[in-house]
Amino acid sequence: MTYIAKPKFHHPGLPKNRLGYTHRDYEGKISTLCAGCGHDSITASIIEACYELSIEPHRVAKISGIGCSSKTPDYFLGNSHGFNSVHGRMPSVLTGANLANRDLIYLGVSGDGDSASIGFGQFAHSIRRGVNMTYIVENNGVYGLTKGQFSATADRGSKSKKGVMNTDNAVDLVAIALQLGASFVARSFSGDKTQLVPLIAAAIEHKGSAFIDVISPCIAFNNHAGSTKSFDYVREHNDAVNRLDVLTGREPISIEYAPGMVKVVEQHDGTRIALRKIDADYDPHDRVGAMAFLQKHAAKGQIVTGLLYVDPEAEDLHNHLNTVDSPLNTLGEGELCPGSATLEKINASLR
Amino acid sequence: MPVQSPLSSVNDFVVRFANVNGSGSASANELFARSILRHGVPVSPRNIFPSNIQGLPTWYEVRVTEEGHLGARGGVDLMVAMNPQTWDKDVASIEPGGYLFYDSTKPLPSSKFRNDINVIGVPLTAITNSTYSDPRQRQLFKNIIYLGALSALLEMDPKLIEQLIGEQYKGKEKLLSSNVHALHLGRDWALQNVKCPIGLRVRKADKVGDRIFIEGNSAAALGAVYGGATVCAWYPITPSSSLADAFAAHCKKLRHDPKTGKAKYAIVQGEDELASIGIVVGASWNGARAFTATSGPGISLMQEFIGLSYFAEIPAVIMNVQRAGPSTGMPTRTQQCDILACAYASHGDTKHVLLFPEDPAEAFEFAAQAFDLAEQLQTTIFVMLDLDIGMNHRLCRPLKWDDARQYDRGKVMTAEMLDEGRDFGRYLDVDGDGIPYRTYPGAHPTKGSYFTRGTSRDRYARYSEEGSVYADNMQRLVRKFETAQDMVPRPLQANAERPTKYGVIYFGSTAPAMDEAIELLEARGHLLDRMRIRAFPFHSSVASFIADHDFVYVVEQNRDAQLRSLIVNENGIDPVRLVPIRHFDGTPITARFIAGAIGDHQDQLKLTPLRKVKT
């Protein structure tokens, strides 16, 4: 349906953000996904998060792989460059793009087929390297575009629409991201925008590899009884450990909750996240604890959501490579070419 | 006593060292090659090594050639047989009248020798063990000791070798003096116990000039530095790993900000070749110059991304250091066997630009130029090296750079141009050359953004599955490829002294063997015009060269005559007119082979046809 031009017209009274942009300025083309698709809710949450952060849309590079989820970057941030790349290869393309220009914001959008099957390796290695990005997996446990095959995140024992029982064990991308050193790890649900929007915003502000697994029911192929990725199932089994209620960038925050229930996380670039605890014992700075917590709850059939881990002192790939502050794509002959006199010296050393 | 008279030659012979991998022989052997260069005599060394780190046989061949024939010659005049494992084969490979140099510490039965060669026994182990007690020292210095003995046998100037050792161990006095000591141990033993010199001798000449001695992989990596590459992503694979390693080493010296110490480059060792090319495509999409270095199996893995680069029009540079395939093939042996795999890489209708450097100097030039071409043409450019030029030191002309040269970033629409109201269609052919404008991500707040995809789309990058829209785009890509024809390095043609009906086409690392073969063929009375192809798409002069001759030989190092197929396919040439000359056993092609194959074919042409005899 992309041939239908989306009207630019909007209500003059629409609220504007710090940059003077309205919501509409963060939108993209009309979605071609099925009506009611969880992915469209995630798209809306991304738009909301970028609007609230007052990000200049063109400073975002949105990169995806192949699949339903990977089509979505066309539906938000219409003034950003997007790259719908190769199945399972979003992480490498994003890594390269990030190396070329460290000044842009990198939003990687992927699906469970894209990241847990064909691109499992790329997912893992981009996390290992600490690429500064927000990596969102729109996780529906199913191959939608090819009509309903199980993906690797489908739970063992869950049923396909055709009634087939999945006998393979599920890949838990959150557990793997934690193990591989992601410095921001969260899980959320497409149907819970109030939880998701601040998580996306916080992930964007985070300087390091931020991973969000968003359970996003497939309305066409995975929303039936017996599925563990349906709206009903996720609502019933959602176990939120915390909520990011306030996200204020570099502004001081006001704490409105009972002492002990709000934790302010200050990241080393000065951004702050205010975290409202639901599970008082949950410590989002304890990577090992988070892994154990997840395993225990998964065994009970609960889907743990919220900000599961954050390392406020995270470093990214550019730190590791000690690259110059200016984006590499802005360097010209003057900075890059050693010149003929140096070449003469090199020649002399080779005789 | 040999029945054959001993070989006698000054500055024109082949020495082969048979060693065990990991025994530290490589540096001593390289020192031997370099020291001959210091005599003003060109050499062409080749490492013949197994896919192994320690224990398997390895050979190092040095062709000493005052005439400057840098191709492999074939045959061995002096065998330095240091590996008992390969003894029989090594002894058998010596030319009649040639020389066998071996460690005579342990006596060998006469059946182990041949009676038509000259045997020189030096008790290397005995000399080494009486001087050194540390096992590692024994192993390393034994190599220097045989080098010393060879210097006496070949009448080399020891001062020149000492000078090289001095340069190598500058500031490390202890290592320097112990190496010089070992050198003289071997040299003195030979002078006192063997008749020196033998029939093969090195005599000072003035034939090296200002040429440099460098590996093609190192030169290509330096070309990437000069060409402005800032992102390199790669996955280890022989024979291309040393290219990425060299890029890292060059960058460490040449690309750090003097004030902050920070790097003006980023190198990532990918988890595989798919990630490596993905990183290159991502970086290039975002306006950096990026490349990967790989070999055949890596090319196979990169196919999908190469198609994306072609169709979505994203620059990429792939340095393909070819080795013998298919599959794992012979990972440490040379071939030119990825011509078709690269020219038509990926599914669907694709064509890619290939550059064929002949030696390290051209590898440097083409590597640098590849980055301009990739951005001008917004597509993948392959720099087609091979193991022979990539991993061997080759004497070549000095590297040159014009300081006035500027990087050609191709058609990039800037924020200013967008503000001027220029019509931006990502796939719009505004100049008729098939090359559209692109924008860098983040260039402008409201203009110039587009959604890059490998799916069909119209001239303004809007998704479309309309047949006419798809066909229009595919036709434009053909137009772009035609434009490339005049941008890539042109073929070089050299005509025989007198007009001839026969020509020869060759490319890449075959060049030095071909030059020498031409001389051999002329001596047999066969005249050939020659054309060295340096790039694909082929320049129009390739078709006219073929049209101007009755037969054209196409010399290449693969089984299936891949370049010939490409010429036939792309230029609509009658295959009968192109005679394939194929060398594909994994060893570098030799002048003897080429001259033999072409000479035999020419001789056949001169046979009087049977029907003429009858009538």
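Per-residue answers, yes or no, for (1) assigned by TED's automatic domain parsing to the domain that holds B:LYS195; (2) outside any strand (DSSP E or B); (3) modelled with pLDDT of 95 or more:
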{"site": "B:PHE101", "(1), (2), (3)": "yes, no, yes"}
{"site": "B:ASP116", "(1), (2), (3)": "yes, yes, yes"}
{"site": "B:ALA126", "(1), (2), (3)": "yes, yes, yes"}
{"site": "B:ARG136", "(1), (2), (3)": "yes, yes, no"}
{"site": "B:ILE144", "(1), (2), (3)": "yes, yes, yes"}
{"site": "B:ALA149", "(1), (2), (3)": "yes, yes, yes"}
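Tell me which of these B:ARG479 doesn't satisfy, since it passes every other one: (1) surrounded by fewer than 20 Cβ atoms within 10 Å (Cβ to Cβ); (2) within 24 Å of A:ASN329 (Cβ to Cβ).
So the condition that B:ARG479 fails would be (2).
Give the residue that is surrounded by the fewest Cβ atoms within 10 Å (Cβ to Cβ), with candidates limited to residues of the stretch B:429-467 that are closer than 28 Å to A:ILE105 by Cβ and more than 8 Å from every other protein chain (Cβ to nearest Cβ). Explain how you work it out, then say what you get.
Going through the stretch B:429-467, the residues closer than 28 Å to A:ILE105 by Cβ turn out to be B:436-455, B:457, B:460-463.
From what's left, more than 8 Å from every other protein chain (Cβ to nearest Cβ): B:436-438, B:447-448, B:457, B:460-461.
Values: B:PRO436: 22, B:TYR437: 23, B:ARG438: 24, B:LYS447: 17, B:GLY448: 25, B:ARG457: 23, B:TYR460: 13, B:ALA461: 20.
The residue in question is B:TYR460.
Among the residues of the stretch B:401-419 satisfying the criterion of being free of Cβ contacts under 8 Å to residues at least 24 places away in the same chain and touching an Asp or Glu at 6+ places or on another chain (Cβ under 8 Å), which is farthest from A:GLU344 (Cα to Cα)?
Our first condition is that a residue be free of Cβ contacts under 8 Å to residues at least 24 places away in the same chain; within the stretch B:401-419, this holds for B:402-406, B:416-417.
Checking which are touching an Asp or Glu at 6+ places or on another chain (Cβ under 8 Å) leaves us with B:405-406.
On the way: B:ARG405: 16, B:GLN406: 19 Å.
Taking the candidates together, the pick is B:GLN406.
Among the residues that make up the stretch B:72-95, is at least one of them of a type in the set (Asp, Glu), outside any helix (DSSP H, G or I) and surrounded by fewer than 15 Cβ atoms within 10 Å (Cβ to Cβ)?
Looking only at the stretch B:72-95, we keep the residues that are of a type in the set (Asp, Glu), and these are B:77, B:88, B:90, B:95.
From the residues that got through so far, the ones that are outside any helix (DSSP H, G or I) too are B:77, B:95.
Restricting the remaining residues to those that are surrounded by fewer than 15 Cβ atoms within 10 Å (Cβ to Cβ) gives none.
Checking the stretch B:72-95: not a single residue is of a type in the set (Asp, Glu), outside any helix (DSSP H, G or I) and surrounded by fewer than 15 Cβ atoms within 10 Å (Cβ to Cβ).
Has the stretch A:304-318 got any residue that is small (Gly, Ala, Ser) and surrounded by fewer than 17 Cβ atoms within 10 Å (Cβ to Cβ)?
No, there is no match, as no residue in the stretch A:304-318 is small (Gly, Ala, Ser) and surrounded by fewer than 17 Cβ atoms within 10 Å (Cβ to Cβ).
Can you name the number of the only condition in (1) without any contact (Cβ under 8 Å) to a residue 12 or more places away in the chain; (2) in contact with a His (Cβ under 7 Å, 6 or more places away or on another chain) that A:GLY96 fails?
With (1) without any contact (Cβ under 8 Å) to a residue 12 or more places away in the chain; (2) in contact with a His (Cβ under 7 Å, 6 or more places away or on another chain) applied to A:GLY96, the lone miss is (2).
Identify the residue in the stretch B:225-241 that is more than 9 Å from chain A (Cβ to nearest Cβ) and either of a type in the set (A, V, I, L, M) or assigned to a loop (DSSP other than H, G, I, E, B) (or both) and, among all such residues, is surrounded by the fewest Cβ atoms within 10 Å (Cβ to Cβ).
Restricting attention to the stretch B:225-241, the residues satisfying the condition of being more than 9 Å from chain A (Cβ to nearest Cβ) are B:232, B:234-241.
Now drop any that are not either of a type in the set (A, V, I, L, M) or assigned to a loop (DSSP other than H, G, I, E, B) (or both), which leaves B:235-240.
Details: B:TYR235: 24, B:PRO236: 13, B:ILE237: 20, B:THR238: 17, B:PRO239: 27, B:SER240: 29.
Ranking the qualifying residues of the stretch B:225-241, first place goes to B:PRO236.
Just checking, how many residues over the stretch A:39-67 are away from every other protein chain (no Cβ under 14 Å), more than 15 Å from the chain's Cα centre (by Cα), of a type outside the set (Asp, Glu) and part of a helix (DSSP H, G or I)?
1
Can you tell me which condition B:ALA484 does not meet? The list is (1) crowded, with 19+ Cβ neighbours inside 10 Å; (2) out of contact with any strand residue (DSSP E or B) (no Cβ under 7 Å at 6 or more places or on another chain); (3) more than 14 Å from chain A (Cβ to nearest Cβ), and all the others hold.
Status for B:ALA484: all satisfied but (2).
State which residue is farthest from the other protein chains (Cβ to nearest Cβ) when the search covers only the stretch B:414-428 and only residues that are farther than 13 Å from B:TYR460 by Cβ and of a type in the set (A, V, I, L, M). Don't jump to the end; show me each part of the working.
Narrowing the stretch B:414-428 to residues farther than 13 Å from B:TYR460 by Cβ: B:414-422.
Among the residues that remain, those that are also of a type in the set (A, V, I, L, M) are: B:415, B:417-418.
Working: B:ALA415: 10, B:MET417: 15, B:LEU418: 11 Å.
Looking at the filtered set, the residue picked out is B:MET417.
Scanning the stretch B:59-99 for residues that are β-branched (Val, Ile, Thr) and free of Cβ contacts under 8 Å to residues at least 40 places away in the same chain, which turns out farthest from B:ILE594 (Cα to Cα)?
We begin by selecting, within the stretch B:59-99, every residue β-branched (Val, Ile, Thr); these are B:62, B:64-65, B:76, B:80, B:86, B:91, B:94.
Imposing the further condition that a residue be free of Cβ contacts under 8 Å to residues at least 40 places away in the same chain reduces the set to B:91, B:94.
Numbers: B:VAL91: 25, B:ILE94: 21 Å.
Within the stretch B:59-99, the match that is farthest from B:ILE594 (Cα to Cα) is B:VAL91.
I need the full set of residues from the stretch A:18-32 which are within 14 Å of chain B (Cβ to nearest Cβ) and either under 30 Å from A:HIS224 (Cα atoms) or in a loop (DSSP other than H, G, I, E, B) (or both), in order please. Steps first, answer last, please.
The initial filter retains those residues of the stretch A:18-32 that are within 14 Å of chain B (Cβ to nearest Cβ), namely A:19-22, A:24-32.
Those that are within 14 Å of chain B (Cβ to nearest Cβ) and either under 30 Å from A:HIS224 (Cα atoms) or in a loop (DSSP other than H, G, I, E, B) (or both): A:LEU19, A:GLY20, A:TYR21, A:GLY28, A:LYS29, A:ILE30, A:SER31, A:THR32.
Any idea which of B:GLU516, B:GLU522, B:GLU482, B:GLU497 is within 30 Å of B:ILE314 (Cβ to Cβ) and acidic (Asp, Glu)? Even if it seems obvious, please write down each step before you answer.
Values: B:GLU516 fails: within 30 Å of B:ILE314 (Cβ to Cβ); B:GLU522 fails: within 30 Å of B:ILE314 (Cβ to Cβ); B:GLU497 fails: within 30 Å of B:ILE314 (Cβ to Cβ).
So the residue among B:GLU516, B:GLU522, B:GLU482, B:GLU497 that is within 30 Å of B:ILE314 (Cβ to Cβ) and acidic (Asp, Glu) is B:GLU482.
Within 12 Å of another protein chain (Cβ to nearest Cβ), at pLDDT 95 or above and within 30 Å of B:SER456 (Cβ to Cβ): does that describe B:LEU222?
The answer is no for B:LEU222.
Going through the stretch B:538-566 one residue at a time, which ones are part of a strand (DSSP E or B) and over 23 Å from the mean Cα position of the chain (by Cα)? Full working, then the answer.
Our first condition is that a residue be part of a strand (DSSP E or B); within the stretch B:538-566, this holds for B:551-556.
Across the stretch B:538-566, the qualifying residues are B:PHE551, B:VAL552.
Answer yes if at least one residue in the stretch A:301-313 is free of Cβ contacts under 8 Å to residues at least 60 places away in the same chain and assigned to a helix (DSSP H, G or I), and no otherwise.
No, every residue in the stretch A:301-313 fails to be free of Cβ contacts under 8 Å to residues at least 60 places away in the same chain and assigned to a helix (DSSP H, G or I).
Test A:ALA292 against the stated conditions and say whether it is touching a Ser or Thr at 6+ places or on another chain (Cβ under 9 Å) and either within 17 Å of A:GLN179 (Cβ to Cβ) or assigned to a helix (DSSP H, G or I) (or both).
Values: touching a Ser or Thr at 6+ places or on another chain (Cβ under 9 Å): no; either within 17 Å of A:GLN179 (Cβ to Cβ) or assigned to a helix (DSSP H, G or I) (or both): yes.
No: the conditions fail for A:ALA292.
If we scan the stretch B:577-596, do we find a residue that is under 26 Å from the mean Cα position of the chain (by Cα) and among the acidic types (Asp, Glu)? Give the steps one after another, and end with the answer.
Taking the stretch B:577-596 as the starting set, the residues that turn out to be under 26 Å from the mean Cα position of the chain (by Cα) are B:578-596.
From what's left, among the acidic types (Asp, Glu): B:585.
Yes: the stretch B:577-596 contains one or more residues that are under 26 Å from the mean Cα position of the chain (by Cα) and among the acidic types (Asp, Glu).
Inside the stretch A:161-190, can you point out the residues that are in a loop (DSSP other than H, G, I, E, B), small (Gly, Ala, Ser) and surrounded by 18 or more Cβ atoms within 10 Å (Cβ to Cβ)? Spell out how you get there, then give the answer.
Residues of the stretch A:161-190 that are in a loop (DSSP other than H, G, I, E, B), as a first pass: A:161-164, A:166-172, A:180-183, A:190.
Narrowing further to those that are small (Gly, Ala, Ser): A:163, A:170, A:181-183, A:190.
Across the stretch A:161-190, the qualifying residues are A:ALA170, A:ALA182, A:SER183, A:SER190.
Please specify each residue of the stretch A:99-117 satisfying the condition of being outside any helix (DSSP H, G or I), within 11 Å of chain B (Cβ to nearest Cβ) and out of contact with any Lys or Arg (no Cβ under 9 Å at 6 or more places or on another chain).
Filtering the stretch A:99-117 for residues outside any helix (DSSP H, G or I) gives A:101-111.
Applying the additional criterion that residues be within 11 Å of chain B (Cβ to nearest Cβ) yields A:101-106, A:108.
Residues satisfying the conditions are A:ASN101, A:ARG102.
Just one of the numbered conditions (1) at the interface with chain A (Cβ under 10 Å from one of its Cβ atoms); (2) farther than 20 Å from A:LEU104 by Cα; (3) surrounded by 24 or more Cβ atoms within 10 Å (Cβ to Cβ) is not true of B:ALA244; which one?
With respect to (1) at the interface with chain A (Cβ under 10 Å from one of its Cβ atoms); (2) farther than 20 Å from A:LEU104 by Cα; (3) surrounded by 24 or more Cβ atoms within 10 Å (Cβ to Cβ), B:ALA244 is out only on (1).
Collect the residues in the stretch B:176-207 that are among the basic types (Lys, Arg) and either surrounded by fewer than 19 Cβ atoms within 10 Å (Cβ to Cβ) or out of contact with any helix residue (DSSP H, G or I) (no Cβ under 9 Å at 6 or more places or on another chain) (or both), keeping them in residue-number order.
The first filter runs over the stretch B:176-207 and keeps only residues among the basic types (Lys, Arg), leaving B:187, B:195, B:201, B:203-204, B:207.
Passing the criteria: B:LYS195, B:ARG201, B:ARG203, B:LYS204, B:LYS207.
Please specify each residue of the stretch B:37-57 satisfying the condition of being part of a loop (DSSP other than H, G, I, E, B) and either at positive phi or more than 14 Å from chain A (Cβ to nearest Cβ) (or both).
Filtering the stretch B:37-57 down to residues part of a loop (DSSP other than H, G, I, E, B) leaves B:38-42, B:49-56.
Within the stretch B:37-57, B:GLY40, B:PHE49, B:PRO50, B:SER51, B:ASN52, B:ILE53, B:GLN54, B:GLY55, B:LEU56 meet the criteria.
Pull up the stretch A:328-341, narrow it to residues that are polar (S, T, N, Q) and either outside any helix (DSSP H, G or I) or facing chain B (nearest Cβ under 7 Å) (or both), then point me to the one that is surrounded by the fewest Cβ atoms within 10 Å (Cβ to Cβ). Give the steps one after another, and end with the answer.
Going through the stretch A:328-341, the residues polar (S, T, N, Q) turn out to be A:329-330, A:340.
The next check asks that each one be either outside any helix (DSSP H, G or I) or facing chain B (nearest Cβ under 7 Å) (or both); those that pass are A:329, A:340.
Numbers: A:ASN329: 25, A:SER340: 17.
So the residue we want is A:SER340.
The values are calculated or read from the model by the stated rules, or taken from the named source; none is laboratory data. All of these numbers come straight from a predicted model, not from anything done at the bench. For neighbour counting, all protein chains shown are included, and Cβ atoms are generated from backbone atoms with ideal geometry for every residue, glycine included.
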